[in-house]
1. Which one of Leu116, Leu80 is within 14 Å of Val24 (Cβ to Cβ) and under 15 Å from the mean Cα position of the chain (by Cα)?
2. Are any residues in region 87-134 touching a Leu at 6+ places or on another chain (Cβ under 6 Å), over 24 Å from Gln18 (Cβ atoms) and of a type in the set (D, E, K, R), and if so, which ones?
3. Give Val38, Val12 a once-over and let me know the one that is at pLDDT below 95 and not in a helix (DSSP H, G or I).
4. Starting from region 1-22, keep only residues that are touching a residue at least 60 places away in the same chain (Cβ under 8 Å), then list their pairs with residues that are assigned to a strand (DSSP E or B) and open to solvent by 40 Å² or more (accessible area, probe 1.4 Å) whose Cβ atoms are within a distance under 7 Å, requiring at least 6 positions of separation or different chains.
5. Being acidic (Asp, Glu) and either assigned to a loop (DSSP other than H, G, I, E, B) or open to solvent by 40 Å² or more (accessible area, probe 1.4 Å) (or both) is the requirement here; does Asp92 meet it?
6. Please give the number of the condition Thr136 fails out of (1) exposed (fewer than 14 other Cβ atoms within 10 Å of the Cβ); (2) in contact with a helix residue (DSSP H, G or I) (Cβ under 8 Å, 6 or more places away or on another chain); (3) at pLDDT 95 or above.
7. Pick from region 58-71 the residues that are farther than 22 Å from Tyr142 by Cβ and either in contact with a strand residue (DSSP E or B) (Cβ under 8 Å, 6 or more places away or on another chain) or in a loop (DSSP other than H, G, I, E, B) (or both): which of them is most open to solvent (accessible area, probe 1.4 Å)?
8. Looking only at residues that are part of a strand (DSSP E or B) and either within 10 Å of the chain's Cα centre (by Cα) or of a type outside the set (A, V, I, L, M) (or both) in region 95-104, which one is surrounded by the most Cβ atoms within 10 Å (Cβ to Cβ)?
Amino acid sequence: MNLTTIFLPDDVLFDVAQQNKTNVLRFAATTASRTLGVDPVALFTVLEARELLGSTGIGRGIAVPHAALPDLGPPRGFILKLARPLDFDAIDEQPVDLVFLLLFGERWRSEYLKVLATIARKAHDSAVLDAMRRATSAGDLYGCFAGPEPRDGALTIAKT
């Protein structure tokens, strides 16, 4: 799967400074709502509700908050590199510094699962993660992310 059709270069947010997980989700919802033309409060509400089901922190410093919205089409993604790692209640109890926000319309749920699996494979590749963490700009970060998909196994994701 080609993630560059879902995560666009202009949707990379670099050095995001927030105090906690809730503020990260609120910031992400506000930013994404401008791009997608959806209500930021409604978006934040569904992201927060999803997070209450179980953390979207999948381990290795990565979180993949995600939500279905009735009026959205195919999956769209946003990448946030946090200024400092934050507690995200991740499955490995490690703080999160890379956030992949994934939004999709209800009819696109199976496509979203493919995107999630592809992100998980990237998360399993230490070279990709190290390069993303060393990135010094949004463009660098996107370049690291947009590279070829790793071919080794996928990281197991808890509760999607």
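The values are calculated or read from the model by the stated rules, or taken from the named source; none is laboratory data. Quick caveat, the model's predicted, so the values are computed rather than measured. All Cβ positions, even for glycine, are placed from backbone atoms using ideal geometry, and neighbour counts span all protein chains on display. Protein only, heavy atoms only, side chains kept; ligands, DNA and RNA dropped before computing areas. Shrake-Rupley method; radii C 1.70, N 1.55, O 1.52, S 1.80 Å.
1. Leu80 is the lone residue from the list that is within 14 Å of Val24 (Cβ to Cβ) and under 15 Å from the mean Cα position of the chain (by Cα).
2. Those that are touching a Leu at 6+ places or on another chain (Cβ under 6 Å), over 24 Å from Gln18 (Cβ atoms) and of a type in the set (D, E, K, R): none in region 87-134.
3. Details: Val12 fails: at pLDDT below 95.
The conditions single out Val38.
4. Filtered contacts from region 1-22: Ile6/Arg76; Asp15/Ala83; Val16/Ala83; Ala17/Ala83.
5. Values: acidic (Asp, Glu): yes; either assigned to a loop (DSSP other than H, G, I, E, B) or open to solvent by 40 Å² or more (accessible area, probe 1.4 Å) (or both): yes.
Yes, satisfied.
6. Failing condition for Thr136: (2).
7. Restricting attention to region 58-71, the residues satisfying the condition of being farther than 22 Å from Tyr142 by Cβ are 59, 67-71.
Keeping just the survivors that are either in contact with a strand residue (DSSP E or B) (Cβ under 8 Å, 6 or more places away or on another chain) or in a loop (DSSP other than H, G, I, E, B) (or both) gives 67-71.
Working: Ala67: 7, Ala68: 20, Leu69: 19, Pro70: 110, Asp71: 149 Å².
Among them, the one singled out is Asp71.
8. Of all residues in region 95-104, those part of a strand (DSSP E or B) come to 96-104.
So of that shortlist, the ones also either within 10 Å of the chain's Cα centre (by Cα) or of a type outside the set (A, V, I, L, M) (or both) come out as 97-104.
Working: Asp97: 21, Leu98: 21, Val99: 27, Phe100: 26, Leu101: 27, Leu102: 21, Leu103: 29, Phe104: 24.
Looking at the filtered set, the residue picked out is Leu103.
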